[in-house]
1. Filtering region 46-88 down to residues that are touching a Lys or Arg at 6+ places or on another chain (Cβ under 6 Å) and without any contact (Cβ under 8 Å) to a residue 40 or more places away in the chain, which residue is nearest to Glu197 (Cα to Cα)?
2. Being under 24 Å from Leu182 (Cβ atoms) and more than 12 Å from the chain's Cα centre (by Cα) narrows it down to one residue among Glu43, Glu81, Glu55, Glu38; which is it?
3. Among all residue pairs at least 6 apart or on different chains, which show Cβ distances below 7 Å where the first residue, located in region 164-182, is under 16 Å from Phe214 (Cβ atoms) and the second is of a type in the set (Asp, Glu)?
4. Can you tell which of Ala108, Ala129, Ala134 is under 23 Å from the mean Cα position of the chain (by Cα), part of a helix (DSSP H, G or I), over 17 Å from Val33 (Cβ atoms) and not basic (Lys, Arg)?
5. I'd like the residue in region 145-163 that is in contact (Cβ under 8 Å) with a residue 40 or more places away in the chain and small (Gly, Ala, Ser) and, out of all such residues, is nearest to Ser62 (Cα to Cα).
6. Taking Val199 as the residue in question, decide whether it is closer than 20 Å to Val58 by Cβ, outside the structural domain of Ser52 (by TED's automatic domain parsing), surrounded by fewer than 19 Cβ atoms within 10 Å (Cβ to Cβ) and among the aliphatic types (A, V, I, L, M).
7. Would you mind stating whether Leu232 is modelled with pLDDT of 80 or more, over 15 Å from Val58 (Cβ atoms), crowded, with 17+ Cβ neighbours inside 10 Å and touching a strand residue (DSSP E or B) at 6+ places or on another chain (Cβ under 6 Å)?
8. Could you pull out the residue among Arg170, Arg217, Arg193 that is assigned to a helix (DSSP H, G or I), over 15 Å from the mean Cα position of the chain (by Cα) and either at pLDDT 80 or above or of a type outside the set (S, T, N, Q) (or both)?
Amino acid sequence: MDAFTSNNAAYATANTRADGKRVLIVDAEQASVKLLREALIAEGYETAQTSSGGEAIVLAISWQPTLIVLDINLPDIDGREVIRVLRKHSPVAIIALSARDHESEKIATLDLGANDFICKPIRIGELLARARAALRTRINFEPVTLVYQAGHLTIDAATRTVTLRGQTLRFTSKEFEVLHILASANGRVVTQRQLIELVWGPASADSVQYLRVFIGRLRRKIEDNPDDPRLLVTERGVGYRLILGGPVHSE
């Protein structure tokens, strides 16, 4: 077993009465998150949460929620930008939240692809009803097939397969999850803490040394020279980046 404990509780509750439907809560207000999470868990939904728009994009692709409840006023990225990016990749249902009751803001948010718009303070009964309505329209949701290319490495998110120069590589579920998260960041840096929390859960957030060992193991599988990585690179003191694009050097 890995040094980290496998911990789906990073995202979910054990309660799956709602047919395994997953709700990603994206909100920087902890009181709001607590209220939403408790109500959704009581209804049987699996939940994940983040206050970061950037992390929401990564989670939305790697965790594949059925519904996203998204405050458009986030500390790092405007929530409408998150919607715009997600609509390039996924038809996931999105309910936007805002403390500002401006008609122009509602129109702009809905035009970008949000399914619904609710003003804060949240009325839980109303939100749950709108969530059920949004999910009914997505009941036949199928994840969009996403294939990433990094040098001679191909990562197929739909089939969860990785090939190097046409040869299929063997990956553990955690190895694939780390690689998928890095790929879905589209060339951006994913911090050490983000990787650890997304894959192993918040309780493992201080286990940076193990992550380094884990990354080394990945490099031995995907790099021509693991000691001089060209695909999975380190941003010293911050995290890791997967370099997307065609072959990094000729055969």
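1. Taking region 46-88 as the starting set, the residues that turn out to be touching a Lys or Arg at 6+ places or on another chain (Cβ under 6 Å) are 46-47, 65-66, 72.
From what is left, the residues that are without any contact (Cβ under 8 Å) to a residue 40 or more places away in the chain are 46-47, 72.
Numbers: Glu46: 17, Thr47: 14, Ile72: 23 Å.
Ranking the candidates gives Thr47 first.
2. Just a single option satisfies the conditions, and that option is Glu81.
3. So the pair list comes out as Lys174/Asp2.
4. Ala134
5. Of region 145-163, the ones in contact (Cβ under 8 Å) with a residue 40 or more places away in the chain are 146, 148-153, 157, 162.
This time we only want the ones that are small (Gly, Ala, Ser), so: 150-151, 157.
Numbers: Ala150: 17, Gly151: 21, Ala157: 8 Å.
Restricting to residues being in contact (Cβ under 8 Å) with a residue 40 or more places away in the chain and small (Gly, Ala, Ser), the top hit is Ala157.
6. Numbers: closer than 20 Å to Val58 by Cβ: yes; outside the structural domain of Ser52 (by TED's automatic domain parsing): yes; surrounded by fewer than 19 Cβ atoms within 10 Å (Cβ to Cβ): no; among the aliphatic types (A, V, I, L, M): yes.
Considered against the rule, which asks whether it is closer than 20 Å to Val58 by Cβ, outside the structural domain of Ser52 (by TED's automatic domain parsing), surrounded by fewer than 19 Cβ atoms within 10 Å (Cβ to Cβ) and among the aliphatic types (A, V, I, L, M), Val199 comes out as no.
7. Numbers: modelled with pLDDT of 80 or more: yes; over 15 Å from Val58 (Cβ atoms): yes; crowded, with 17+ Cβ neighbours inside 10 Å: yes; touching a strand residue (DSSP E or B) at 6+ places or on another chain (Cβ under 6 Å): yes.
So Leu232 fits the description; yes.
8. Details: Arg170 fails: assigned to a helix (DSSP H, G or I); Arg193 fails: over 15 Å from the mean Cα position of the chain (by Cα).
The unique qualifying residue is Arg217.
The values are calculated or read from the model by the stated rules, or taken from the named source; none is laboratory data. Note that this is a predicted model, so its numbers are computed, not measured. Neighbour counts are summed over all protein chains in view; Cβ atoms, including those assigned to glycine, are modelled from backbone coordinates with ideal geometry.
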